[in-house]
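All remarks here apply to the structure that follows.
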Amino acid sequence: MASPPDDKRALLAQLLREKTQKAKQAPLSFAQERMWFLYQWNPASAAFNMPGAVRLSGEVDPEALRRGLQELARRHETLRTTFSDQEGRLLQVVASSLEIPLSVEDLRDVPEEQREQRTRERITAEARQTFDLTRGPLLRAVLLRLAEREHVLLLSMHHIISDGWSLGVLVRELAALYAAFVQGQPSPLQALPLQYAEFASWQREWLQGEVLDTQLSWWRERLDPNAILELPTDRPRPPALSPHGARQTLLLPPELAQTLKALGQREGKTLFVTLLSAFEVLLHRYTGQEDLVVGTPIAGRNRSELEGMIGLFINTLALRTSVAGRPTFRELMGRVHQTTVDAFAHQDLPFERLVDALKPERRLSHSPLFQVMFILQNAPMPPLQAPGLVMEFQQPETGTTKFDLTLIATELPEGLRIVAEYSTDLFGTPAMSRLLEHYRMLLQGIAANPDQPIDSIPLLTGTEHRALQEWNDTPARYPRDVCLHQLIEAQVERTPDAIALTFEGQSLTYRELDSRANQLAWHLRSLGVGPESRVGLCLERSLEMVVALLATHKAGGAYVPLDPAYPQERLGWMLEDARPTVLLAQERLLSRLPAKSTHVVCVDSGWADISLQPRHAPPAQATANNLAYTIFTSGSTGRPKGAMNEHHAVVNRLLWMQDEYELGAQDVVLQKTPFSFDVSVWEFFWPLMQGARLVLAKPGGHQDPDYLARLIAQERVTTLHFVPSMLKVFLEESELEQRCASLKRVVCSGEALPVEFQEQFFQRLPHAELHNLYGPTEAAVDVTYYACKPGQSHRSIPIGRPVANTVIRILDAQLKPVPIGVSGELYIGGVQVGRGYRARPNLTAERFIPDAFSDAPGARMYRTGDVARWLEDGNIEYLGRADFQVKIRGFRIELGEIETLLAQHPAVRQVAVVVREDRPGDKRLVAYVVAASEQPQANELRSFLQSRLPEHMVPSAFVALETLPLSPNGKLDRRALPAPELGKSQAGQLFEAPRTELEQLIAGIWKDVLQVERVGVDDAFFALGGNSLLALQVHRRLKTALGTELALTQLFQYPTVRALAERLSKQDSAPDSAQTGRARAEARRAFTRRAGARARTDSQDDGDDSDV
């Protein structure tokens, strides 16, 4: 029976409605794919919000605004779009219609003086509110009513449907629609030629095959996928960088902006090239790196039909420029211009495709390919007019950032505005203020003379120059004509009967010490010792050692310590270089000396002859400018070098120490440092200059913490020194606070002092002071000092400020001062700079250079080879040796940072990390660990570091040692560390198949997604060919298989099967209901069954090509 005509018409109308209401689906553009990945990475982040605020001055019609917003949603499909992951297929879903609500908030009741502040808070809050990309709408609108004729319209879109250009389109079209609707007129806007979904489909069809290959080939030739820009940061880089950010602004005067524009015009270059070139000079001067990559956005709308659309068209270019060869700024502009022109000619390749193709090392701590961005923005949108209304667009801050640093320049009538947007995980406000000022200084220098080399352009501000001068203003009126022994002789006159020296139950008064030293001095004189003569001392710690030191000076000579623990060959080298006039020894040590030694005097068995000499002092011959000692230090060639220091330098160091720490007659100083280590200089001589008592530890006792604690208690020691690594061991002794109640001050030097050692010190010895000193043997022991305080929040313990009559310069490769906060090499000037190296004129000339900063004739600086930087409070932060900063796979790594963190593991007592290349081209990090008690497993240590460090800083091998090898002066002997056994799984050499159900599940998913033959437990996802899109597939399948939530970031934090399985196992064992645990287990089993069935089906289908 036929349906009536009315029924047919109703059915047709229903079918048409269903057709129009059905959502349209389309693939994502490449940029949207990347944005979806970043959203999955951190759904709670507002870093990819695109907020705008429009201040409305005049009469506002809210209904006209609502109609305008709805017309925009009808006109632009992107405003009706949400996103869906359908079994690994990412789709944009365009609703046939979608309401954009306009909420109105009335702030008129807020007191007028608080209203603007409340408005700013509301703008910020709205800018930081996140979106749900699966639900929408992805455009929000809020109208704030401040007064009858004053409103603010808040607009916010997600970046996945918009970009900066789109915000302009949105505001301009909304203004035009509002103007029409408020007057009762229809929309004046012409229909769009196409929609974003059509663009996305076209992009995917076009960018493939030869077009894609050509673009990729060009970029592959120009970019290093693992290049990292290492800007100096205020805080340690976290394992995972958050989106938290802030902004600071600088306004350059119009005159400077015009000069820079004119420079570019003369060179045929744009203002973009000029400002980017200056930014690259700043980056080079901050980092010392000569190969720089800076990101910059481009509109991506190089076709006219795209210009009026709201959508994500913006693309990012990675501009790589070499600043090598000391180019002038004009020459650098040419390089940057060519780089920019070439990159713009290849701008069609989406950045997302480039990242996936280049496969940079994946890490949560760095953005891929570049870490800094430069943007030259167009002038802000001028105010828009509507009937009875002025609309002024403002860009609110979200408190987020996408990169370490973004520099944004904008031309304005009032000048050139420079905005630094930066990661607050890494930088503080003062550092960014200085960076902007340094950029200003560079631009001014460029404007004045663009033909100067880029490393000669003035960088430091006047404020910084004054600060560096003030921090180095260290004059003190100490006597410059006195020798060490003369200061001790003066103390003998003051307290002749006080105990000067104690050793193993024996004591000497000041008078007795002086008499014995005088007798030995006369004997040395008789053997030809005088000024500039060298006297070798091969002695174990004893009363005779102190007598010999003092006697050598009284005779006018300089002592040369020869540690009897050294190998005979090394002692032979030292004697060959030092050529001593006399060698003082103990008879039991004669067998350790080389066969052909100089004239030897035994100070123990030969004392009967020495005691016949006069007890009064021989006439003085040495002056303050004569040599006091030569101490040998390790040389890069493997042969030790003798550092020579004069009396006046050491006297300055000790008189400063007395002024700073005020040692008194009641103090007891423990001498335990081997006398071949320069710390022993102050241990020996400082207490004897002040009437204090010197206690000598027994030979070898400095390495026995229990013995030291007992000796401190027994002798009531108040002052002693520790190398930090030995301090850590000492602090593990029991009942330390009770046993060491006499301790007043502990001095640390010789190595970097980790923060955790400081905190442990104050927990164990809360009544004592801790002082961190720094200085090389070549500059009279110590040149900087820092008083530690509990609870101080430093990323590392500073080495402090220069001591009296000493200056510290931190310089770049051109010997120019670096800015505050920027690393450079540490140079030492002033009275404590040593004479040089014994019999090494070329090495002396290389390390002791003319001091161009000093007015003193013949002044020199010592080049330490240490990397440091000034902190804003005037203290110096030691960053490590220049040769300890290593590079692996493009990453610059500070080994000390890894050691510091690994030392925090409760099972680790001591640790050393080195880079080994036991096989050519195979550089890797190896950690050497001494356990506190039971040896921790390598996987445990690896997981511990993975939660705190980027993956590239986690050692590939962990080697257990009973003790770390030490040099005779107590420092770590890195050359003696053994090579790890190759082929062990901990070194990543052997394939190990998954064993547990969870490991097999993860490996199976990886194998399916990555299309590889096998996956081992220590294989890394990205090393097997994974990329961000494949990571999304793995993420989705793992969530399904496990029946639980899983953060996408965990695939990056735990990139191997073993690491991820261990992490997920811990999640399963966390406090949770048994029911949930069983549900997860059943989900895993069900997924495994499905995977097995799918594999069988695939196998069957392989042989059947019939069309069913």
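Could you say whether any residue in region 9-27 is at pLDDT 55 or above and within 30 Å of residue 367 (Cα to Cα)?
So far as region 9-27 goes, yes, one or more of its residues are at pLDDT 55 or above and within 30 Å of residue 367 (Cα to Cα).
Taking region 815-848 as the region of interest, how many residues are touching a residue at least 24 places away in the same chain (Cβ under 8 Å), of a type in the set (S, T, N, Q) and out of contact with any Leu (no Cβ under 6 Å at 6 or more places or on another chain)?
1
If you scan region 445-459, which residues turn out to be assigned to a loop (DSSP other than H, G, I, E, B) and surrounded by fewer than 19 Cβ atoms within 10 Å (Cβ to Cβ)?
449, 451, 452, 458, listed by residue number.
Residue-wise test of (1) surrounded by fewer than 19 Cβ atoms within 10 Å (Cβ to Cβ); (2) in the same structural domain as residue 82 (by TED's automatic domain parsing); (3) in contact with a Gly (Cβ under 8 Å, 6 or more places away or on another chain).
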residue	(1), (2), (3)
268	yes, no, no
274	no, no, yes
283	no, no, no
287	yes, no, no
317	no, no, yes
323	no, no, no
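Regarding region 765-774, can at least one residue be identified that is closer than 26 Å to residue 676 by Cβ, crowded, with 21+ Cβ neighbours inside 10 Å and touching a helix residue (DSSP H, G or I) at 6+ places or on another chain (Cβ under 6 Å)?
yes
Considering every residue within region 768-785, establish whether at least one is more than 26 Å from residue 828 (Cα to Cα) and either at pLDDT below 95 or not in a loop (DSSP other than H, G, I, E, B) (or both).
yes
Looking at 353, 320, which one is within 23 Å of residue 203 (Cα to Cα), basic (Lys, Arg) and out of contact with any His (no Cβ under 8 Å at 6 or more places or on another chain)?
353
Only one residue in 526, 542 is of a type outside the set (Phe, Trp, Tyr) and closer than 16 Å to residue 600 by Cβ. Which one?
526
For the subset of region 176-190 comprising residues that are closer than 19 Å to residue 77 by Cα and either in contact with a Cys (Cβ under 6 Å, 6 or more places away or on another chain) or touching a residue at least 60 places away in the same chain (Cβ under 8 Å) (or both), which member is surrounded by the fewest Cβ atoms within 10 Å (Cβ to Cβ)?
189
Out of 513, 537, 468, which single residue is modelled with pLDDT of 95 or more and not in a helix (DSSP H, G or I)?
537
Please go through region 326-339 and give me each residue that is more than 29 Å from the chain's Cα centre (by Cα) and in contact (Cβ under 8 Å) with a residue 60 or more places away in the chain, ordered by number.
Matches in region 326-339: 328, 330, 333, 334, 337.
Go through region 1023-1041 and give me each residue that's among the polar types (S, T, N, Q), in a helix (DSSP H, G or I) and under 28 Å from the mean Cα position of the chain (by Cα).
1028 - this is the single residue of region 1023-1041 that is among the polar types (S, T, N, Q), in a helix (DSSP H, G or I) and under 28 Å from the mean Cα position of the chain (by Cα).
Out of all the residues in region 713-724, is one or more outside any helix (DSSP H, G or I) and small (Gly, Ala, Ser)?
Within region 713-724 (the criterion being outside any helix (DSSP H, G or I) and small (Gly, Ala, Ser)), the answer is no, since none of the residues qualifies.
Go through region 932-944 and give me each residue that's more than 22 Å from residue 729 (Cβ to Cβ) and either of a type in the set (Gly, Ala, Ser) or crowded, with 20+ Cβ neighbours inside 10 Å (or both).
Listed by number, the residues that qualify are 938, 942, 943.
Return a yes/no flag: does region 488-507 have any residue that is touching a strand residue (DSSP E or B) at 6+ places or on another chain (Cβ under 7 Å), in a helix (DSSP H, G or I) and surrounded by 15 or more Cβ atoms within 10 Å (Cβ to Cβ).
Checked region 488-507: no residue is touching a strand residue (DSSP E or B) at 6+ places or on another chain (Cβ under 7 Å), in a helix (DSSP H, G or I) and surrounded by 15 or more Cβ atoms within 10 Å (Cβ to Cβ).
Select from region 246-295 the residues that are touching a helix residue (DSSP H, G or I) at 6+ places or on another chain (Cβ under 6 Å), hydrophobic (A, V, I, L, M, F, W, C) and assigned to a strand (DSSP E or B) and list them in ascending order.
Passing the criteria: 250, 292.
Failed condition for residue 803, given (1) free of Cβ contacts under 8 Å to residues at least 60 places away in the same chain; (2) buried (at least 22 other Cβ atoms within 10 Å of the Cβ), with all others met?
Result: residue 803 passes all but (1).
Would you confirm whether any residue within region 827-842 is at pLDDT below 95, touching a strand residue (DSSP E or B) at 6+ places or on another chain (Cβ under 9 Å) and not in a helix (DSSP H, G or I)?
Yes, region 827-842 has at least one match.
Scan region 199-209 and give yes if some residue there is touching a strand residue (DSSP E or B) at 6+ places or on another chain (Cβ under 8 Å) and either surrounded by fewer than 18 Cβ atoms within 10 Å (Cβ to Cβ) or farther than 30 Å from residue 306 by Cβ (or both), otherwise no.
Among the residues of region 199-209, at least one is touching a strand residue (DSSP E or B) at 6+ places or on another chain (Cβ under 8 Å) and either surrounded by fewer than 18 Cβ atoms within 10 Å (Cβ to Cβ) or farther than 30 Å from residue 306 by Cβ (or both), which makes the answer yes.
Can you pull out every residue in region 407-435 that is in a helix (DSSP H, G or I) and crowded, with 18+ Cβ neighbours inside 10 Å?
431, 432, 434, 435
Every residue, every condition in (1) aliphatic (A, V, I, L, M); (2) at pLDDT below 80; (3) buried (at least 16 other Cβ atoms within 10 Å of the Cβ), yes or no:
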| position | (1), (2), (3) |
| --- | --- |
| 958 | no, no, yes |
| 970 | no, yes, yes |
| 979 | yes, no, no |
| 982 | yes, yes, no |
| 1012 | yes, no, no |
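I need a count of the residues in region 790-813 that are in a strand (DSSP E or B), β-branched (Val, Ile, Thr) and farther than 18 Å from residue 856 by Cα.
The number of residues fulfilling the criteria is 1.
Conditions: (1) in contact (Cβ under 8 Å) with a residue 24 or more places away in the chain; (2) not in a loop (DSSP other than H, G, I, E, B). Residue 228 meets all but one. Number of the miss?
Unmet for residue 228, out of (1) in contact (Cβ under 8 Å) with a residue 24 or more places away in the chain; (2) not in a loop (DSSP other than H, G, I, E, B): (2).
Take region 874-888 and flag every residue that is at pLDDT below 95 and under 14 Å from residue 794 (Cβ atoms).
878, 879
Go through region 905-931 and give me each residue that's exposed (fewer than 15 other Cβ atoms within 10 Å of the Cβ) and modelled with pLDDT of 80 or more.
906
If only one of 220, 247 is closer than 24 Å to residue 375 by Cα and not assigned by TED's automatic domain parsing to the domain that holds residue 362, which one is it?
Only one candidate qualifies: 247.
The values are calculated or read from the model by the stated rules, or taken from the named source; none is laboratory data. Values in this document were obtained by computation on a predicted structure and should not be read as measured data. Cβ: placed from backbone, ideal geometry, glycine included. Neighbour counts: every protein chain shown.
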